[in-house]
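This report concerns only the one structure given below.
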DNA sequence: TTCTTATCTTGACATTAGCAAGATAGATCC
DNA sequence: GGATCTATCTTGCTAATGTCAAGATAAGAA
């Protein structure tokens, strides 16, 4: 241990061990405490106790880093959806629970949510985020399929030609997702302030129940 | 005209005349050509032919500038909505046209749209943006009110206690707006790529028609 | 004319992303 | 064991940014 060298973090060795994960954790912290504005590669490096150029080897540039953060966001969203969906005991409840989980996620992790849906900041063709976002979409698709009384898609079914299976219901999937996503996004970005805060839960329930009822009806002409 | 001074723009006088508008125009150009990433106060100043600190006097800081840009965005969105709504000849058409105008706006001005709904980048309590966003919301509210066969709100009616008037229909307003906004946002952020591009128009029409039909029905229990 | 005020410039500082070159240490091979 | 290889991390640099403070300029008021 040569004393002449002053490492950024004298406790740690030159090789961090799991710097990649440490940087992702640091990024989480920065996003939570300072938001996307305070999110810089150098700040994350500082928190991880390494030099400013250390992240480059693991993520390339800031786009690569954000892509990874967004992919993690989709994984957490999927987990939250699965948890809420599993607790529902009927179709109305399931759709409401799905909406609630989605909206709650946006409010609990606003910066992650923003980044996940900012394709100009990401490499949205990267395999990891495509995979993660695809899984979220599969869960939402299945919620709609069940509303319509159709069988759900397993991950493997979805991977191998899910498009073919749900081509007939894609309209309803988009209707359902747009409803959920629009509500979450508008709420997150403070566009629903004309509704008193304590009415938001009731609003979510009523709106989602009405949507679900519609999804269970046969679509009309055209 | 002292020859020793080298102004940024020798053609213009020291006092620009309408630098505020020139900067806003420059900002428009930057957003269109380079997006939010290339949007910097200094770049806008360069385009307007003034020094890098000139914007400060007109907008304060970058947040103030973006707030102004966002307010303009809401005004343009309102104009687009009004135009499309005016062309509709029945309720189905009107709701579809509203959705189309909103979605088209997001695609035509993606960066404006992103900024308008990024409350962390803005001073969303500033009077100009509140006014502009309020007008957009009034137009959307009226679309929903007409679907329900209720009278529209004029700007003055909306300003003086519109909340009281539409408290009974706020659920449907949020349902309608969430649908429209969610569709626009998901499409803009490339989350609907599982639907072939040439089906997007038909998707929009079908989804909106179905939504409009629902809005015209009485809400069920709860 | 002189003073006042709004407008714009200059210069500086702290900060960032990204690059290039070098240092370190763990792993591999002989 | 020792030499080499390679991934990992550091240092130092450049160009750029937002913001501030101080000064310069012009337009209008007094």
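Quick note: the coordinates plus some simple rules give every number you see, no bench work behind them. Since the structure is predicted, the reported quantities are computational estimates derived from the model, not experimental observations. A quick note on method: Cβ atoms are made from the backbone with ideal geometry, for glycine too, and the neighbour counts reach across all protein chains shown.
Assorted remarks:
- Between residue A:47 and residue A:33, full extension at 0.36 nm per residue minus the direct alpha carbon distance yields a gain of 3.8 nm.
- The angle between the Cα long axis of helix B:62-86 and the main principal axis of chain B comes to about 40°, on a 0 to 90 degree scale.
- Taking a ≥ b ≥ c as the square roots of the eigenvalues of the Cα gyration tensor, an a/c ratio of 1.5 or more together with a/b no larger than b/c marks region A:61-216 as oblate.
- Each stretch of four or more DSSP H residues adds -39500 (n - 2.57); spread over every residue of the protein assembly as shown, this sum gives -21500 deg cm²/dmol at 222 nm.
- This ranking places B:209, B:46 by how few other beta-carbon atoms lie within 10 Å of each, fewest first, which gives B:46, B:209.
- With an a/c value of 1.5 or above and a/b not larger than b/c for the gyration tensor axes a ≥ b ≥ c computed over the alpha-carbon atoms, the protein assembly as shown is described as oblate.
- Here the simple spin-label model places points 7 Å from the Cα toward Cβ, and for residue B:193 and residue A:108 these points are separated by 2.8 nm.
- Cα-projected label distance for residue B:56 with residue B:21, points at 7 Å along beta-carbon direction, nm: 2.6
- Cα-based helix-to-principal-axis angle, B:91-108 vs chain B, degrees rounded to 10: 30
- Label spacing, shortest first and in nm, from residue A:217 to its equivalents in the remaining copies (7 angstrom along Cα→Cβ): 0.2
- Against the main long axis of the alpha-carbon atoms of chain A, helix A:19-34 sits at an angle near 70°.
- Choice from A:123, A:18, A:172 with maximal GNM fluctuation in chain A (Cα, 10 Å cutoff): A:18
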